[in-house]
Amino acid sequence: MLRDIVGAMFQKPITEVYPFERVDVPPALRGKLLWTAEGCTGCMLCVKDCPADAIHLITLDKAAKRFVMEYHVDRCIYCGQCVQSCRFDCLTLQQDTWELAAESQSEFAVWYGAPEDVATVLGAAPAPDRGEA
Amino acid sequence: MNTQTFVFPIGPQHPALKEPCHLEITVSGEIISDATIRLGYAHRGIEKATEGRNWTQNLYLLERVCGICSHSHAMTYALGVEALAGVTAPPRAQAIRTLVAEMERIHSHLLWLGVSAHEAGFDTLFMYSWRDREIIMHLLETVTGNRVNYSVNLLGGVKVDITDAMIRALHEGVDQLEARTTHYLEVVTSDAAFLQRTRGIGTMSSEQAFSLGVIGPVARASGLARDVRVDAPYAFYDEFPVQMVTEQTGDLEARFVVRLKELFESYRVIRELIDHLPAGELQARMPRRIKAGETISRIEAPRGELFYFIRSGGGETPERIKVRTPTLCNISSVLVTMMNQHLADIPMILVGVDPCFSCNDRAVAVNDGRWTWQQLRQYGIDYYRRKGDSC
Amino acid sequence: MLTLLAMLVFPGGLFLIANSVAYEWVDRKVVARLQNRIGPRWFQPFADLLKLLTKEEVIPEGAHVAVFIILPVIALASALTAALTLPVAGLSPVYSYPGDLIVTVYLLSLLTLCLSIAGTNTNSQYGVIGAMRILTQLFAYEAPFLLALLGPAFLTGSWQINEVVAAHGGQWLLFAQPIGFVIAVLSLMGKVELSPFDAPEAETEVVAGALTEYSGRGLALFLLGKKVVLLVGLLLIAALYMGGIANPLDYIVKTLLLLLIITVIQALLARLRIDQTVGVWWHYGVLGIFIQWLWLLVQGT
């Protein structure tokens with residue numbers, strides 16, 4: 001043990017002085033969720049399988065495949081089940097966006113979809129069909 | 001020293017405990033004469049919560065029963081549900097499950113080494129072993145995407161694949177860890193001050209261990225040859241068997257030695273696994289509704305045998321999931337091994353069984369008031385006789 | 001007027017407090033580096049002290065209020081007073097009189113006694129057990145400590161620190177009396193409850209021992225008192241065993257050297273149980289000091 005201690009005196013401490021030093025993240029890291037509307041059929045499997053109730057899919061027009069997704073960054077547990085459940089590869093967990101701290105809770109409700117659809121949802125008064133499990 | 005007896009409380013909040021429990025220790029001077037324990041402070045109602053979620057969601061809920069053995073819980077649940085549905089996960093998935101399980105064992109044992117060194121006042125060993133634990137944590141993040149709560153399991157398989165780059169990183173990491181573990185084994189068995197805190201303390205003979213029903217490394221340190229990976233191999237353990245590591249002395253030092261030697265076994269199994277990973281797919285198709293039935297599933301978590309009882313009513317949500325964690329079996333042995341030891345040995349003896357109180361808090365309703373041991377035993381025998389041989 | 005300044009500012013009072021805070025930082029930083037981590041920044045112990053002074057002091061039910069409040073003050077005052085007899089950085093001590101070696105050692109022990117009374121004054125079992133352990137440990141190391149410090153005094157024939165230091169000139173007595181030196185350093189570690197002799201305040205067994213129920217100002221004063229005792233002990237051993245302290249550079253070098261030895265021992269060993277501590281001291285400590293004194297007596301005659 002004495003050898004360890006004396007040796008440690010001459011080694012650089014292994015503490016990573018975050019945020020000045022950052023270790024590279026591995027490719028498999030599960031970061032923030034990203035949803036693309038192309039390919040989505042509104043099957044709702046991702047919503048049903050989410051353990052944390054973090055995804056809501058709002059159907060504006062099922063036949064024309066217009067959907068809007070509301071994603072709660074603070075509820076998500078980054079498990080990746082939604083990615084697995086989706087058969088059309090609409091969802092990915094980004095590997096580079098993982099520093100998700102924010103100063104207000106409003107930043108945690110993320111809306112995905114075509115801009116006009118999102119605007120419709122956010123501005124519209126009548127409540128659209130909210131896809132909840 | 002005066003011999004006045006008084007009751008010394010440990011917990012619910014105490015620096016020796018990482019999770020809350022309440023120990024009431026009767027001491028006279030510094031010698032313990034009696035001890036009782038009260039659990040339940042970390043009860044979160046998980047078993048009830050599983051009844052309102054579908055089978056897939058429960059995978060992630062049950063993973064969070066414990067942070068240190070999260071993969072063990074998920075794997076046991078996945079194996080149980082697959083058994084109910086009659087689906088076998090493909091070989092590559094089973095191999096990856098086993099790989100992550102062994103990596104989890106390494107991380108858990110290194111964590112335990114640090115924590116028990118800290119309980120003995122040996123902060124330097126604590127810092128060093130946790131520094132080396134960072135190697136395995138980084139490997140876990142490389143392979144699974146997260147350091148804790150890996151979420152590699154799916155019902156029917158796994159969701160991550162092992163690439164060649166990962167295999168190289170694993171080999172390098174395991175080599176480094178093996179060198180460090182050899183050094184720690186030497187420190188634990190030869191450092192004079194540390195041995196004074198571990199040798200001959202908390203001794204439990206094999207007969208005592210057998211009658212108290214202890215499992216896991218604690219039982220193996222007292223000479224009982226119990227290891228689910230050897231007795232009832234699951235996942236890929238029949239292809240890559242594990243040697244059982246036992247010691248005969250049954251004191252704290254033996255528990256250190258058993259866990260450190262188990263690490264060598266883990267390194268060996270990991271090396272063999274990654275060199276001989278079977279090719280194939282990662283997931284088998286699972287129905288959304290699981291057939292009605294009951295099953296039990298058990299694996300060797302880092303702390304001992306983890307036991308799940310799963311009952312399905314044929315729907316999308318389970319009817320009942322019962323989780324019995326290894327700490328629940330081992331915690332009563334603490335009360336027995338503590339007798340006539342010094343007050344200062346309490347944290348060491350407690351940490352020797354590797355307690356994980358957040359794992360073991362469940363609620364059990366006993367219907368007829370107070371049962372004797374014979375009644376409980378007879379109830380179990382009658383229950384299984386009525387069921388026949390379906391599990 | 002000058003005496004008052006010397007007592008309160010330099011080399012007493014404020015200087016001692018500032019110095020002990022600085023040495024606490026050195027101790028924590030070196031232990032951290034030995035454990036492969038970074039350690040606190042230079043103002044951390046001072047910030048801790050300041051924070052404690054600004055927090056509310058909670059007086060537990062059942063404790064004697066006046067005793068609870070006055071004990072930390074007495075402890076700190078006795079630790080600071082103990083330094084008045086020591087020659088610091090080449091200056092003559094503020095108060096020097098025959099027999100002041102014994103008085104200094106007893107003033108240092110007064111802090112230990114205050115700690116144990118504070119432990120028994122509270123209603124908590126942790127305090128009572130901590131107090132018991134403090135007293136048990138006091139019985140273990142106090143006699144060897146006193147005898148080890150009396151070793152150099154014996155050869156001089158005087159029990160006044162100033163005269164002992166002057167009589168030996170710049171000679172390093174630790175080579176002439178090595179066992180005495182080792183025992184002195186180890187008993188200082190026992191007095192200040194540093195690992196491996198930190199059973200009385202074992203964090204994982206008795207929370208904080210005698211200081212469990214203290215918070216805010218009382219805790220700040222007690223902790224400061226312990227740090228000052230460490231510093232005074234270092235000064236005492238440097239003055240007696242390392243040839244006195246001739247100038248500021250000498251002062252820093254010698255006390256830092258001792259502190260480094262203490263820090264390495266602290267990081268190296270696990271905590272001993274209280275009965276093991278007593279066993280080690282009464283088997284090896286007493287034996288060692290006995291042999292040292294036998295040698296001194298033989299040399300003296």
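What follows draws every value from the coordinates through simple rules; no lab data is involved. Predicted model, so just to flag it, every value in this text is computed and none were measured. Here the Cβ positions follow ideal geometry from the backbone for every residue, glycine too, while neighbour counts run over all protein chains shown.
Output the peptides B:313-325, C:259-271 sorted from most to least packed, where packing is the average of other Cβ atoms within 10 Å over each peptide's residues. Before the final figure, lay out each step's value.
Details: B:313-325: 17.0, C:259-271: 19.5.
Ranking, from highest mean packing down: C:259-271, B:313-325.
Extending 7 Å from the Cα toward the beta-carbon at both residue C:50 and residue A:122 defines two label points whose distance is 4.4 nm.
Can you pull the mean other chain C-beta count within 10 Å for peptide B:138-148?
Working: counts 2, 1, 2, 5, 5, 2, 5, 12, 8, 0, 0.
Taking all residues of B:138-148 together, the mean is 4.
Near residue C:227, which lysines are there with a Cα under 21 Å away, not counting those fewer than 8 places off in the same chain? List returned: C:29, C:51, C:55, C:191, C:254. Using the Cα coordinates of the protein assembly as shown, the gyration tensor eigenvalues translate into equivalent-ellipsoid semi-axes of 58, 31, 25 Å, sorted from longest to shortest.
From the square roots a ≥ b ≥ c of the eigenvalues of the alpha-carbon gyration tensor of region C:155-301, which class results: rounded (a/c under 1.5), prolate (a/b over b/c), or oblate?
oblate
To the nearest ten degrees, helix C:248-268 and the longest principal axis of the Cα atoms of chain C are 60 degrees apart.
What's the FRET efficiency of residue A:9 with residue B:322 using the Cβ-Cβ distance as r and R₀ = 60 Å, to the nearest 0.05? Let's see the in-between values first.
Numbers: r = 52 Å, r/R0 = 0.87.
With a Förster radius of 60 Å, E is 0.70.
Only Cα pairs under 8 Å and 6+ residues apart enter the sum, and on that basis the relative contact order of region C:2-300 stands at 27 percent. Here chain B is treated as a Stokes sphere of Kirkwood radius computed over C-alpha pairs; at 20 °C and 1.002 mPa s its diffusion coefficient rounds to 98 µm²/s.
Each Lys and Arg contributes +1 and each Asp and Glu -1, all at the Cβ; summed about the Cα centre of region A:25-131, the dipole is approximately 380 debye. Packing, taken as the mean count of other beta carbons within 10 Å per residue, orders the peptides A:50-62, C:184-196, B:162-174 from highest to lowest as C:184-196, A:50-62, B:162-174.
If you put +1 on each Lys and Arg Cβ and -1 on each Asp and Glu Cβ, how big is the dipole of region B:173-222 around its Cα centre, in Debye rounded to 20? Kindly include the intermediate steps, with their values, before the conclusion.
Values: 4 positive and 5 negative charges, 37 e Å.
Dipole about the Cα centre, nearest 20: 180 debye.
Considering every Cα-Cα pair within region A:25-131, what fraction, in whole percent, is farther apart than 16 Å? Within region A:25-131, distances greater than 16 Å cover 58 percent of Cα pairs.
With 24 Å as the limit on Cα-Cα distance, the pairs of A:62/B:48; A:48/B:159; A:65/B:159; A:32/B:291; A:48/B:291 that go past it are A:62/B:48; A:65/B:159; A:32/B:291. Taking a point 7 Å out from the Cα of residue A:104 in the direction of its Cβ, the residues of region A:53-84 whose backbone N falls within less than 20 Å of it are A:71-75. In this rough spin-label picture, where each label sits 7 Å from Cα along the Cβ direction, the residue A:34-residue C:143 distance is 7.6 nm. Ordering C:97, C:23 by the number of other Cβ atoms within 10 Å of each residue's own Cβ, fewest first, gives C:97, C:23. Excluding residue A:67 itself, calculate the net charge of residues whose Cβ lies under 9 Å from the Cβ of residue A:67, where each Lys or Arg counts +1 and each Asp or Glu counts -1. Local charge sum for residue A:67: +1. Between residue C:265 and residue C:156, the FRET efficiency estimated from the beta carbon spacing at R0 = 30 angstrom works out to 0.55. For region B:188-196, putting each phi into the Karplus relation 6.51 cos²θ - 1.76 cosθ + 1.60 with θ = phi - 60° gives couplings of 5, 9, 10, 6, 5, 5, 5, 5, 5 Hz, in residue order, rounded to whole numbers and with x for Gly and Pro.
From the square roots a ≥ b ≥ c of the eigenvalues of the alpha-carbon gyration tensor of region B:35-151, which class results: rounded (a/c under 1.5), prolate (a/b over b/c), or oblate?
Numbers: a/c = 2.63, a/b = 1.36, b/c = 1.93.
Oblate, since a/c reaches 1.5 and b/c is not below a/b.
Placing unit charges on the Cβ atoms of the charged side chains and taking the dipole of chain C about its Cα centre, the candidate lying farthest along the positive direction among C:159, C:26, C:53 is C:26. Computed 3J(HN,Hα) for region B:91-105, one whole-Hz value per residue from the Karplus formula 6.51 cos²θ - 1.76 cosθ + 1.60 where θ = phi - 60°, is x, 5, 5, 4, 5, 5, 4, 5, 4, 5, 5, 5, 5, 5, 4, glycine and proline marked x. Rounded to the nearest 0.05, the FRET efficiency derived from the C-beta distance between residue B:13 and residue C:120 at R0 = 25 Å is 0.65.
Label separation (residue C:294 vs residue C:167): 2.4 nm, computed from points 7 Å beyond Cα along the C-beta direction.
Answer rounded, prolate or oblate for region C:4-151, using the Cα gyration tensor with square roots of eigenvalues a ≥ b ≥ c: rounded when a/c is under 1.5, else prolate when a/b is larger than b/c, else oblate. Because its axes are fairly even, with a/c under 1.5, region C:4-151 counts as rounded.
Pull out the extension gain between residue B:238 and residue B:285, defined as 0.36 nm times the separation in residues minus the alpha carbon to alpha carbon distance; nm, one decimal.
Working: separation 47, 0.36 × 47 = 16.92 nm, distance 2.35 nm.
Full extension of this stretch gives 14.6 nm more.
Take each of the peptides C:36-48, A:7-19, B:13-25, average the number of other beta-carbon atoms within 10 Å over its residues, and list them starting from the highest.
Numbers: C:36-48: 15.0, A:7-19: 11.3, B:13-25: 18.2.
Highest mean packing first, the order is B:13-25, C:36-48, A:7-19.
Residue B:292 sits among other residues whose Cβ lies under 9 Å from its own Cβ, and their net charge, with Lys and Arg +1 and Asp and Glu -1, is 0.
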